[in-house]
Amino acid sequence: MGIFEPILAILPIIKAVLIAIIPLGFLIFIHELGHFLAAKKAGIKVNTFSLGFGPKIVGFRRGDTEYKLSWLPFGGYVQMEGENPSEQTGAEGEFASASLGKRAFVVIAGPAVNLLFGLLAYWFVFGVGLNADAVRLINGLTGQSIGKTQEGVQIGWLDDDGPAAVGGVLPGDAIVSINGDRITNWPAFQTKIYTSPDKELEFVVQRDGNLKTLTVVPEAVPDSRGDVGRLNVLKQDDVIVSQIDEGSLAAQVGLKVGDQIDTINGHKMYNVPYFGPEIWQSESDWRIIKHQNIYENIDQNRDLLKLKVRRGDEMLAFQLPVKWQTKVNVEKNSTAQKAGIKTGDILATFNGKMVDSKSLYSELKALANDSGTLGLIRKGVEKTATLSPADATKPDGEGTFYGLTWSPSLSGMILRSPEIPTQKYSLFSAFEKGLETTWLTCTSITRTLKQLVRGEVSPKYLSGPIGIAKVTNDMFASVGLTSVLFFIGFISINLAIVNLLPIPIADGGHLLFFAVEKIRGRPVPRKAQEIIQQVSVILIIALFLYITWFDSLTLFHDVFN
């Protein structure tokens, strides 16, 4: 079976791509529907309107038009009389015989429908309300911050030996611009770094109220698309007290849920420290080392934990002893849940031994998939549970211990980043928000196109149908319907903008020919149109194959790694 394993592994991916590409086909179909309706309105004869491509499955003729369903359901097409220069006779009803205004109306109708659909999709998404996944997606695709003022790029932790540190970047720096381009959000910053491996970048950062200019060179890291840039930095996050146990040391000194931790033992907190056993699994990952260092610093000063906390406009100081506790989280229907373990139980012992974060990792690593006996405390009552392979049931999530994960608390408090707020809008405010997001999407796409033209970004970083389909499929599996609909709306607006580019075989190319015709007072010679279109087709196919090649490399990389 060994030689067939790679084939069997990729079959589900192929199936998923085929399913996920249908939304892209729908967007192409409504684009062609826009051309079709506009042509009918303009009195231009439409020979064929097809849902799908390839051989016909079924069809019928009404008037001058054949309507058909074809085998490949990934879009559709409209074939108008005299649309191609070689077929033009000058007869009435041909596309070329219509007035300049009518032809422009037909051409622009396709992109207009895609743009309108994108706006309506955004309107619907904002109208039904946003969950955390949708907020993250909107921020990632458009850079728009939901529920708060637009934020810039604030650097948090960074690798002390990484390219950002070598270039002089410090935690807390705010990135103002890169190579003269203003950076207003984290996704734009990530894209700039990702597409600039081994390139000198001029950073302007704001530090302590002053602007500083730095030269930073992103490290080149091998990827399925070739080398990509990496800086080894994290975005700064607020550190919030998300939970405090009643009667705990933290509660006794007056700490409250919602307090923002500014410093721990004098060290500024730029990101949320995590104290679970997972932080001891590596000694090479710089991010994990940051967590280890904070844990060790706290553990070495057990008698006195010093905190500076921001509460509203006040800065408060607290001192308290250190007490580690490990609470368990239980996955639904897991082996641990069926054994009677509940989320919030405190882990006191593991196989009869008192454990902390570090020793728990050692015990779990030594245990592998063998049995484990947990000593638990639930509301002051001691309990014991044994988990063994013989009792294991599915689903037990990957990376868990029979469906258990751990939430360590520090002196009775758990630290997290602020929750992403869910947002609800009225019918009118949702439309306003959708319109604003549509504009941001258009400007984001236009900015990327400018970078491509200027040679700042390679086309290998773009995604074609395979890449779009894979992302859509991944989103169907991991996020809600509103997020998927937003992404489809985003792609629809992309199609609208790209189709308006002045490329001869695109709608924008037709509009360019019309502009030349308006200036010259007569159409571009038919022979010249044919040559330009033929050359454009070759170039577009070459670009499509180039992008598809890198999409395919990424797909195979994800399957076999």
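The values are calculated or read from the model by the stated rules, or taken from the named source; none is laboratory data. Everything numeric in this text was worked out from a predicted model, so none of it was measured. For neighbour counting, all protein chains shown are included, and Cβ atoms are generated from backbone atoms with ideal geometry for every residue, glycine included. Note: accessible area is taken over every heavy atom of the protein model, side chains too, but ligands, DNA and RNA are not part of it. Shrake-Rupley method; radii C 1.70, N 1.55, O 1.52, S 1.80 Å.
With each label modelled as a point 7 angstrom along the Cα→C-beta vector, the ARG378-ARG287 pair spans 3.4 nm. Taken per residue, the accessible surface of the range 276-427 reaches 57 Å², heavy atoms only and a 1.4 Å probe. Only aspartates and glutamates eight or more places from LYS518 in sequence, or on another chain, were considered; those with a Cα closer than 18 Å are ASP507. Pick out, from LEU130, ALA98, GLY82, the residue whose Cα sits farthest towards the positive end of the charge dipole of the range 63-146, with +1 on the Cβ of Lys and Arg and -1 on the Cβ of Asp and Glu. About the Cα centre, the residue reaching furthest to the positive side is LEU130. For LYS424, a cut-off of 18 angstrom between C-alpha atoms picks up these aspartates and glutamates, skipping any fewer than 8 places away in its own chain: ASP133, GLU432, GLU436. Once backbone amide H atoms are built at 1.01 Å from N, PHE350 has VAL355, GLY375 as its partners under 5 Å, excluding neighbours fewer than 5 places away on the same chain. The GluC sites (Glu not before Pro) of the range 201-301 that DSSP puts in a loop, and whose beta carbon has at most 14 other beta carbons within 10 Å, are GLU246, GLU283. Between LEU69 and GLU419, the simple spin-label model (points 7 angstrom out along Cα→Cβ) gives 4.6 nm. Counted by Cβ distance under 15 Å from VAL128, the other residues give a net charge of +1, where Lys and Arg count +1 and Asp and Glu count -1.
Starting from the Cα of GLN319, move 7 Å in the Cα-to-Cβ direction to define the label point; list residues of the range 226-262 whose amide nitrogen is under 20 Å from there. Backbone N within reach: 249-256, 261-262.
Using a cutoff of 8 angstrom between alpha carbon atoms and counting only pairs six or more residues apart, the relative contact order for the range 346-393 works out to 38 percent. Each Lys and Arg adds +1 at its Cβ and each Asp and Glu adds -1 at its Cβ; summed about the Cα centre, the range 224-383 shows a dipole of about 240 debye.
Summing charges over all other residues whose Cβ lies under 14 Å from the Cβ of LYS323, with Lys and Arg as +1 and Asp and Glu as -1, gives -2. Other residues whose C-beta falls under 11 angstrom from the C-beta of ALA188 contribute a net charge of +2, scoring Lys and Arg +1 and Asp and Glu -1. Distance between the modelled labels on LEU427 and ASP160, one decimal in nanometres: 6.0 nm (7 Å Cα→Cβ projection). Packing, taken as the mean count of other beta carbons within 10 Å per residue, orders the peptides 126-133, 321-328, 409-416, 517-524 from highest to lowest as 409-416, 126-133, 321-328, 517-524. Here the dipole of the range 297-429 is about 340 debye; that uses its Cα centre as origin and unit charges on the Cβ of Lys and Arg (positive) and Asp and Glu (negative). Surface composition of the range 242-381: carbon plus sulfur atoms contribute 47% of the solvent-accessible area (1.4 Å probe, protein chains only, all chains present).
Ranking of HIS267, HIS291 by solvent-accessible surface, largest first: HIS267, HIS291 (1.4 Å probe, protein heavy atoms only, all chains present). Evaluated with a Cβ-only charge set (Lys, Arg +1; Asp, Glu -1), the range 371-455 carries a dipole of roughly 320 debye about its Cα centre, given to the nearest 20.
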